[in-house]
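Below: the structure, in structure tokens.
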Amino acid sequence: MPKMKTNRGAAKRFKTKKNAIKRGSAFKSHILTKKSPKRKANINSPHYVHKTNVDSVKKLLCMA
């Protein structure tokens, strides 16, 4: 039986905690002048993978 291999793209995009998978957020690299401070703070706050996608992400990370 061959070894399970982690999807390297997924490994770079997700960080795992005990029971949650942390993900990045879009729209925070440029054109920030027109965005309100509240919106920018929300973009920079931690985001987690939705429960409907957790199984597929775990499969990519060889955690399943």
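Along the chain, counting only trypsin sites (Lys or Arg not before Pro) with a DSSP assignment other than H, G, I, E or B and at most 10 other Cβ atoms inside a 10 Å radius, the longest segment between sites is 35-50.
Our Cα-only numbers for the chain put the radius of gyration and Dmax at 15.1, 54 Å. Taking θ as phi - 60° and the Karplus parameters 6.51, -1.76 and 1.60, the scalar couplings of region 3-10 work out to 5, 6, 10, 6, 6, 5, x, 5 Hz in sequence order, x denoting glycine and proline. Close amide H contacts of residue 20 (hydrogens built in the peptide plane, cut-off under 5 Å, sequence separation of 5 or more or a different chain): none are found. In percent, rounded to a whole number, the relative contact order of the chain is 40, using alpha-carbon pairs under 8 Å and six or more apart.
Residues whose amide H comes within less than 5 Å of that of residue 47, counting only those at least five positions distant or on another chain, are 23 (H built at 1.01 Å from N in the peptide plane). Taking amide hydrogens as placed 1.01 Å from N in the peptide plane, the amide H of residue 14 sits under 5 Å from that of no residue at least 5 positions away in sequence or on another chain.
For region 16-64, the solvent-accessible area works out to 85 Å² per residue, with a probe of 1.4 Å and every protein chain left in place. Within the same chain, lysines fewer than 8 places from residue 28 are excluded, and of the rest, those with a Cα less than 17 Å from its Cα are 38, 40.
The values are calculated or read from the model by the stated rules, or taken from the named source; none is laboratory data. Being a predicted model, the structure only gives us computed values, none of them experimental. Because the Cβ atoms are built from the backbone with ideal geometry, glycine has one as well, and the counts that use them run over all protein chains shown. Ligands, DNA and RNA are excluded from the accessible area calculation, which covers all protein heavy atoms including side chains. Shrake-Rupley method; radii C 1.70, N 1.55, O 1.52, S 1.80 Å.
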